[in-house]
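Working notes, structure below.
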Amino acid sequence: MKNTLRQVFHSSKFMAGFVIFVAILLTMFIYPLINPGNPLEQIGVGTFAKPGTYVSLYDATKAPVSTFRLPDAAENRLATSLSEEDKVAMVEWFEAVGADISDLDTNDTEKMLEMWDEYYDPSAKPKGMIRAKILYYGRLDKSLKEMGSGDSISIAEANDEGTLEETKKILDTDYVNTGDVANVKTLPLGTDNFGRDVLKELVSATGTSIRIGLIAGVVATLIGLTFGLLAGYVGGILDDIIMFVTNIFTVIPGFVLLILISYSIGQEQRGAAVVAIVIGFTSWTWTARSVRSQVISLRNRDHVNLSKLSGHSLIRIVLTDILPYIASYVVMAFILQVSSGILSEAQLSLLGLGPKTTEVPTLGLMMNWAMLYSAHTNGSWWAYFPVILTITLISFSLNLMNTGLDQVFNPTLRD
């Protein structure tokens, strides 16, 4: 046993997959200690807030102020205020007035503003341009001048009579330290369509999906192992019956059967455990067929015949004389079943047939929410790309572990 474990942990592929999987598990256990709370709590009112650190504007106005005169502050302010539509409109104006834009880079805000000051004329009426467009350029010019003017912003509060009184002015050189602001929230992956912390949700969803995969793997492996052992060792009519049932499940596409069963259960009854059991119940066939073929090759070995002559029971022979010889294969089958269970849950949830959404998040449910709210079309990559990456890493690590075990236990694959 020690020699076998030594060989397993000397396999580079197994160790690579094992390290990735353990890192995912550690993240699942450690991150909730750092950022506790309900992963489905809605902290944002809007949808798809970008990743970053958010500071309470209300608290920032009351924090101690420091004065800085940064050389690129005005340009940076203008660069973040100019939308892509504004930049396209500015280029269209330059073209309309005959400016040379062959070397113009729309990301060079300073150059864009220099050309705007040079070529924009409020009295100009480029040929073919409608009045509404000309008025739009007038508003754009006014907005650019206001952004670059360095005017202060006044803060006013209502007095006892209900009239507003100016209490503070904010200059463009005023800065506050985030440590002095009462409420600061860092969202490494932003928020989703419901205003929920995507990273917290992702960690929780990963744990739920792995649990679903483990339950599905246990169910599928136990069913497949039981049927495979009985069919392979007993043979005869029992073998024919078991293989008949197995062939029926094989002929019917497993995912189609999974969809039908999930749909018939109903949304309210589809908890994470129920979905996992259904996945396991529909994915045991290839394990049963593989175990059966392994047992057939073992049932006439000398040590098995000796146990028969000694009068040992069927259960004892199967558990002590056959199962240990295929244990490594069963472990590899279990790993593949876990990976298959996680992917099946993701597919089901994408179709809206996964666990009910009010209890716990799963990786598939996060993908479903992102798809329903068009995160892939509005540029909100943080709502779906980390989920895809997590599913890929889990499946990749499990398959690496399986490949490493196969190299250890399969003599034909050893170096």
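The values are calculated or read from the model by the stated rules, or taken from the named source; none is laboratory data. All of these numbers come straight from a predicted model, not from anything done at the bench. Glycine gets a Cβ as well: all are built from the backbone with ideal geometry, and neighbour counts include every protein chain shown.
Laid out as a table, the results:
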item	result
Options LEU260, LEU298; residue that is out of contact with any Gly (no Cβ under 7 Å at 6 or more places or on another chain), among the hydrophobic types (A, V, I, L, M, F, W, C) and closer than 30 Å to ILE317 by Cα	LEU298
Flag for THR178 being modelled with pLDDT of 85 or more, polar (S, T, N, Q), closer than 30 Å to LEU372 by Cα and surrounded by fewer than 14 Cβ atoms within 10 Å (Cβ to Cβ)	no
Helices (runs of 4 or more DSSP H) wholly inside region 300-415 that include at least 1 residues being at pLDDT 90 or above	323-350, 363-372, 385-409
Answer from VAL219, VAL256 - the residue that is in a helix (DSSP H, G or I), at pLDDT below 90, out of contact with any Asp or Glu (no Cβ under 9 Å at 6 or more places or on another chain) and under 29 Å from TRP369 (Cα atoms)	VAL256
Check on MET129, in a helix (DSSP H, G or I) and surrounded by 15 or more Cβ atoms within 10 Å (Cβ to Cβ)	no
SER310 vs. criteria free of Cβ contacts under 8 Å to residues at least 24 places away in the same chain, of a type in the set (Ser, Thr, Tyr), within 30 Å of ILE391 (Cα to Cα) and exposed (fewer than 14 other Cβ atoms within 10 Å of the Cβ)	no
Pairs with Cβ under 7 Å, 6+ apart, first in region 186-198 and assigned by TED's automatic domain parsing to the domain that holds MET367, second among the hydroxyl-bearing types (Ser, Thr, Tyr) and buried (at least 19 other Cβ atoms within 10 Å of the Cβ)	ASP197/THR191; VAL198/THR191
Single condition ALA124 does not satisfy, out of (1) more than 30 Å from LEU189 (Cα to Cα); (2) in contact (Cβ under 8 Å) with a residue 12 or more places away in the chain; (3) not in a loop (DSSP other than H, G, I, E, B)	(3)
Residue that is farthest from GLY207 (Cα to Cα), among those in region 1-30 that are of a type in the set (Gly, Ala, Ser) and surrounded by fewer than 17 Cβ atoms within 10 Å (Cβ to Cβ)	SER12
Any chance VAL203 is among the β-branched types (Val, Ile, Thr) and surrounded by 21 or more Cβ atoms within 10 Å (Cβ to Cβ)	yes
When residues of region 272-295 are limited to those that are surrounded by 15 or more Cβ atoms within 10 Å (Cβ to Cβ) and of a type in the set (Gly, Ala, Ser), the one nearest to ILE215 (Cα to Cα)	ALA276
